[in-house]
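Worksheet: one structure, shown below.
The values are calculated or read from the model by the stated rules, or taken from the named source; none is laboratory data. Bear in mind that the values here come from a model prediction, so they are computed numbers and not experimental data. FYI the Cβ positions are ideal-geometry reconstructions off the backbone, even for glycines, and counts take in every protein chain you see. With ligands, DNA and RNA removed, areas are computed over all heavy atoms of the protein, side chains included. Shrake-Rupley method; radii C 1.70, N 1.55, O 1.52, S 1.80 Å.
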Amino acid sequence: MKKLLYITIVLIGASFNQAYAQLDSIQNMDEIVLSDVKLKRFSSGYKITVLSDSVIQKSPWSLTDLLRFNSNIYFRENGYGMVSSPSFRGTNASQTAVVWNGININSQLNGQIDFNTINNSNYNSVEIRSGGGSVQYGSGAIGGSVHLSNELTFNKHIDQELRIGYGSFDTKNGNYSISAGADKWSLNAGIAYVDSDNDYKYLGTNKHNSNGEYDNLSFNLNAGYLLNEKHVLKLYHQSFIGNRNFSGTLVAPSKSRYEDVNHRSMVEWIYFHENYTSKLKVVQLHEAFKYFENKDSDFYSFGRINSFIANHNLNLKLTDAIDLQTILEFSKFKGVGESFGNPARDAFSATALWKHQLSDNLVYGLNFRKDFTSDFKSPFVFSADAAYRFNAHYLVRLNGSKNFRVPTFNDLYWNPGGNLDLLSESSYQMDLGQEFSSKYMDVKLNGYYIKTSDMIQWIPDNIGLSRPQNIANVKSYGAELEVFFKYQIDNHHFNLNPTYSYTVSEDIANKKQLIYVPLHKANLNFGYSFKALEVVYQHLINGEVDIIGGQLDGYNMANLGLSYQHQLSKKVKTILQFNVNNLYNKNYENMAFRPMPNRNYRLQLTLKF
């Protein structure tokens, strides 16, 4: 918010002449700087956790590592750096939406995103929206959504950053980024590379991660240009090219390898009128993979999906207190793959978002959406939310919604096993949140309830072949606590951020907790800084989880980070950072028979100029 305020002040005070006066309002500035304005403007009754730039820079490489220690989301990995799947409020990986600059980018193949294919250095904003969001973000936003955004800064500047690092298991990483701009244009771009042998020891055994090598390259380019006082043109692009061997387990070695490529491109045109704002987005998404059962062989299976999306937002300021936004979206998906043939899908959705500021203390929203899909029926979904501020220190947020998830191409067309008779999953939920704030401390306390019908599960049939079926009805409920504490004594700065989540997610029929959903999860982030020196301590406590045929023990583990800043010159600053991960050398797994790394180290140098 401070950054946005700074941009606004600069634009009002110096950057724009009288011809650009219409762009000087906070509302128009939101439209220019951000692509996903509805996250900020139409989520008054929802808990949104914003991860600051400083938090992101401490975990710049993996979105899994960033969120594992800074959110209530539980992750299971097929070994470190391998496929990473989230569980958000007791839901599964395909019920968590990942939103890139306002666009849902969950895979059309399996309905989810591998969080180890997202490099944090590509983004300057990561936000977590808890609770159902299908009205705004479509299929899969049941447990919540993770938002990755690139902000554009329209003032005269040029900032560059070079980061290189080396760590245990011959892990090498580096990235370069640049942000530049002037009164009428803005540009930011970056490139990042990670390479690791990833051959960590399996503690308590004489084995090691013998097939865990990975490397990936990511690139992003974002630009904006103010054509005149009424028209703004923006471009967003992000690419990821990954090459991973797939780790084996404690009982079964592996020789497999996986290559994946993701390209995301979007052109956005904004038109400002006296009474409304029109925004048109044209998006192209490409995902492709090759799977080698034997990494030394030339034989592989493959699949790819191309997605075209046209999205139009119309923002109407009906009165000083009432905002209305309509969204029309058309999507076209085409795929080809050895295991699922040549599937295609066309989809159209119409959405209306209403926000009414009844008083200085009370605001509410009503939202509706209907999808029309070529290969099955989608439900009508809706949401309502409200926020009431009792005083400067106490705020209550409330929301309720109906959400959905459509069957994926794998669910429908996988050969053998696909099921063309599947229904969309549907979910109802309620969420009540309370926020307490004071000079030194902020507290968020939320309770929620989710009931999901027609959940899709892959189960063996009478001949042992797994097929997807609408068989499960699931209820999830729980509580979340977040505390943010800051205190300063002269040059001594203290930060403390503990979080805790209690999650029950059970099959209504057998009253059993779903697999890989911990009943208890807690994080602790502690930071202390004195002038140029900073110390960061992270601690994670993860309760036991049910697995097929038993339970996986809980664990607690910690990381320690030390950093030192030095101003080389007026415009050049260096940051030297040293991290010890798994500080107490704990033997732990977040997926059965797939150990995670022993104690390991990383040294990183950042140059800002």
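Some observations on this one:
- The chain - mean residue ellipticity at 222 nm from DSSP helices (-39,500 (n - 2.57) per run, n ≥ 4, rounded to 500): -2000 deg cm²/dmol
- With all protein chains in place and a 1.4 Å probe, the accessible surface of the chain carries 59 percent carbon and sulfur.
- Taking Lys and Arg as +1 and Asp and Glu as -1, the other residues whose beta-carbon sits under 11 Å from that of Tyr258 total 0.
- The phi torsions of the stretch 317-322, fed into the Karplus equation with coefficients 6.51, -1.76 and 1.60 and a -60° offset, translate into couplings of 9, 5, 9, 4, 10, 10 Hz, rounded to whole numbers, with Gly and Pro shown as x.
- Counting Lys and Arg as +1 and Asp and Glu as -1 over every other residue whose Cβ lies under 13 Å from the Cβ of Ala472, the net charge comes to +1.
- DSSP-defined beta bridges in the stretch 62-220 - what % are antiparallel, rounded to 5: 90 percent
- Using heavy atoms of the protein chains and a probe of 1.4 Å, the accessible area assigned to Lys451 is about 90 Å².
- Selection from Asn462, Gly81, Leu316 lying farthest towards where the dipole of the chain points positive, charges on Cβ: Leu316
- Accessible area ranking (1.4 Å probe, heavy atoms, ligands and nucleic acids excluded), largest first, for Phe593, Phe409: Phe593, Phe409.
- Residue-wise HN-Hα coupling along the stretch 323-333, computed from phi with Karplus coefficients 6.51, -1.76, 1.60 (Hz; x: Gly, Pro): 10, 10, 10, 10, 10, 10, 9, 10, 10, 10, 10
- Accessible area per residue in Å² at 1.4 Å probe, computed on the chain: 43 Å²
- All Cα pairs of the stretch 180-325, percent lying beyond 28 Å: 47 percent
- Rolling a 1.4 Å probe over the protein heavy atoms leaves Trp354 with an accessible area of roughly 80 Å².
- Only Lys, Arg (+1) and Asp, Glu (-1) charged, at Cβ; the stretch 145-265 dipole about Cα centre in debye: 200 debye
- Debye, to nearest 20: dipole size of the stretch 244-356, +1 on Lys, Arg Cβ, -1 on Asp, Glu Cβ: 120 debye
- Rounded to the nearest Hz, the phi-derived 3J(HN,Hα) couplings of the stretch 598-606 under the Karplus curve 6.51 cos²θ - 1.76 cosθ + 1.60 (θ = phi - 60°) are 6, 4, 8, 10, 8, 10, 9, 10, 10, where x marks glycine and proline.
- Lys/Arg +1, Asp/Glu -1 at C-beta; the stretch 406-485 dipole; positive extreme among Thr408, Tyr440, Tyr477: Tyr440
- The stretch 38-124, Rg to Rh (Cα coordinates; Rh as Kirkwood inverse mean 1/r): 0.94
- In the context of the full protein assembly, Phe609 retains an accessible surface of approximately 80 Å², using a probe radius of 1.4 Å and ignoring ligands and nucleic acids.
- Here the chain is treated with +1 on each Lys and Arg Cβ and -1 on each Asp and Glu Cβ, and its dipole about the Cα centre works out to around 800 debye.
- Residue among Ala522, Gln357, Tyr300 farthest towards the positive dipole end of the chain, charges placed on Cβ: Gln357
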